[in-house]
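The values are calculated or read from the model by the stated rules, or taken from the named source; none is laboratory data. Model, not experiment: these values are computed from the prediction. Glycine also receives a Cβ, built like all others from the backbone with ideal geometry; neighbour counts cover every protein chain displayed.
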Amino acid sequence: MDTETHYGRRTATTLVIASMVGTGVFTSLGFQLQEIQSGFVLLLLWVVGGVIALAGAVSYAELGAVLPRSGGEYNFLARIYHPAAGFVSGCISTIMGFAAPTALIAITFGTYIASAFPGQSPKLWAVGLILALTSVHATTRRAGARVQRSTTFLKIVLIVSFCLAAWFWAPTAQPINFSPSLGQLSLITSGAFAVALIYVSYAYTGWNTVTYMMDELKEPEKVLSGIMSKGTAIVLCLYLLLNFTFLVTTPVDLMVGRVEIGYVVANHVFGRNGAAFMGIVLAALLISTLSALTLAGPRVLLVLGQDFTKLRGFAKTNLAGVPYIAVLTQSALSLIFIATASFDFILVFAGFALGLNSFLTVFGIFILRRQGRAPGPHYQIPFYPLPPLLFLALMGWTLFHIVSLRPAEAWASLSVIAIATIVYVFLRDRRSPNH
């Protein structure tokens, strides 16, 4: 079997971990603290986010067993609902699932560099990183994936080491309460909690990365669940560890509204020199995550190019088998995000669209079951129908509050969906019976 085109379980699991541990956990807390300052509620956010991701993972695993093909939500929605739904989903995945997160990671990378070396331009560093990785992934086959496999373990070790060092060096433990109480119930059921959950859910983005490249997995119908669930569980533990460390070592007023939380904590705990060093380390950790998105994301455009005659340019590959036009297109979209939108707007705007995308995908399980298209012996959701129902309830609640409290971002996302639907009408053809 060609080891260059098929991944085993360990490699795929490290890809999931590398895809998730990026900007979200190092940037979300500052925004969450603007409305929530209870230690218990803040940690509960990350537990709930992890539960949503795990429920989504086992649900996607069944979809992958029934409908095996690369493309993620594009593949699922096109075959469950209608090719138009798949096309719109593919646009959402490309723009909000990969291009926007790539921009966020690059911005965070530049922010950490600028924090460590005052006077540097965060956006200039962000653009430089995207261009550098684009030049690699548009020419060299899976070079970034090989780098990720070797750096994922290092990433975990550095995160754990950072937390242990912060506990040891912190001047004093912060007086933040991690005990639950009935008085916190109103906060947990509030719109502020729902909006904060979008930041958390965005931090878990990546648990479904392997569904975008199922054609390159060995026996995907059998291994998807284990890969996504194991990777998500590891990331959940890392996220709880990091946020507990942030809250217990650093005063809340220093972190409220700040993007570069890791640097803020390092500066308070280790001082200026230690913070500069940690800023560089945290920036370096983001490179592998951005590399993962630059590697996996263009697979959506590749599949679109295979299915739509007028988009066949995206399916073109070079002599190394790299879909270079798709890589260049995704990176160009990321540069547009960096140049035109704020960090907070990008995060909520993309988070809403991705949440809606996943909501419709998981709901598709009930449609397949009703049609009698269960995966049989390969894989079935444990404790069905609880995981998909839990996912739909929590994600639906979050989306409702986003529409209520952040209508600008919601309408921006819905506008992209509307435009994509119109574009589909002009691009559809008769190449495939599905179109």
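Quick check on my filter: what residues within the stretch 400-414 are closer than 11 Å to Leu356 by Cβ and free of Cβ contacts under 8 Å to residues at least 60 places away in the same chain? If the condition is that a residue be closer than 11 Å to Leu356 by Cβ and free of Cβ contacts under 8 Å to residues at least 60 places away in the same chain, then Val403, Ala410, Leu414 are the ones that fit. The condition (being surrounded by 13 or more Cβ atoms within 10 Å (Cβ to Cβ), of a type in the set (S, T, N, Q) and at pLDDT 90 or above) is satisfied by just one residue among Thr398, Thr421: Thr421.
Checked against (1) loosely packed, with under 13 Cβ neighbours inside 10 Å; (2) modelled with pLDDT under 85, Arg141 meets all criteria but (1).
Quick check on Leu164: is it farther than 30 Å from Leu43 by Cβ, surrounded by fewer than 19 Cβ atoms within 10 Å (Cβ to Cβ) and at pLDDT 85 or above? Criteria not met by Leu164.
When the stretch 219-276 is limited to residues that are in a loop (DSSP other than H, G, I, E, B), surrounded by fewer than 21 Cβ atoms within 10 Å (Cβ to Cβ) and of a type outside the set (A, V, I, L, M, F, W, C), the one that is modelled with the lowest pLDDT turns out to be Glu219. Identify, please: which residue in the stretch 173-215 is in a loop (DSSP other than H, G, I, E, B) and small (Gly, Ala, Ser) and is, among those, surrounded by the most Cβ atoms within 10 Å (Cβ to Cβ)? The extreme case among them is Gly206.
The single condition among (1) surrounded by 21 or more Cβ atoms within 10 Å (Cβ to Cβ); (2) of a type outside the set (A, V, I, L, M); (3) touching a Gly at 6+ places or on another chain (Cβ under 6 Å) that Gly279 does not satisfy is (3). Any residue that is in contact (Cβ under 8 Å) with a residue 60 or more places away in the chain, farther than 20 Å from Val235 by Cα and either out of contact with any helix residue (DSSP H, G or I) (no Cβ under 7 Å at 6 or more places or on another chain) or outside any loop (DSSP other than H, G, I, E, B) (or both) - is there at least one of those in the stretch 143-154? Yes: the stretch 143-154 contains one or more residues that are in contact (Cβ under 8 Å) with a residue 60 or more places away in the chain, farther than 20 Å from Val235 by Cα and either out of contact with any helix residue (DSSP H, G or I) (no Cβ under 7 Å at 6 or more places or on another chain) or outside any loop (DSSP other than H, G, I, E, B) (or both).
Conditions (1) touching a Phe, Trp or Tyr at 6+ places or on another chain (Cβ under 6 Å); (2) over 30 Å from Phe277 (Cα atoms); (3) free of Cβ contacts under 8 Å to residues at least 40 places away in the same chain, marked per residue:
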{"residue": "Leu158", "(1), (2), (3)": "no, no, no"}
{"residue": "Ala166", "(1), (2), (3)": "no, no, no"}
{"residue": "Pro175", "(1), (2), (3)": "no, no, yes"}
{"residue": "Pro180", "(1), (2), (3)": "yes, yes, no"}
{"residue": "Tyr199", "(1), (2), (3)": "yes, no, no"}
{"residue": "Val235", "(1), (2), (3)": "no, no, no"}
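Close contacts from the stretch 415-429, counting a first residue that is under 22 Å from Gln306 (Cβ atoms) and a second that is of a type in the set (Ser, Thr, Tyr), with Cβ to Cβ under 9 Å and a gap of 6+ residues or different chains, come to Ala420/Ser89; Leu427/Thr309; Asp429/Thr309. For Val259, the stated conditions do not hold, so it cannot be described as under 19 Å from Thr172 (Cα atoms) and aliphatic (A, V, I, L, M).
For the stretch 327-364, a residue qualifies if it is modelled with pLDDT of 90 or more and in contact with an Asp or Glu (Cβ under 6 Å, 6 or more places away or on another chain), and exactly one does: Thr361.
Within the stretch 315-331, being in a helix (DSSP H, G or I) and buried (at least 22 other Cβ atoms within 10 Å of the Cβ) holds for Ala326, Val327, Gln330, Ser331.
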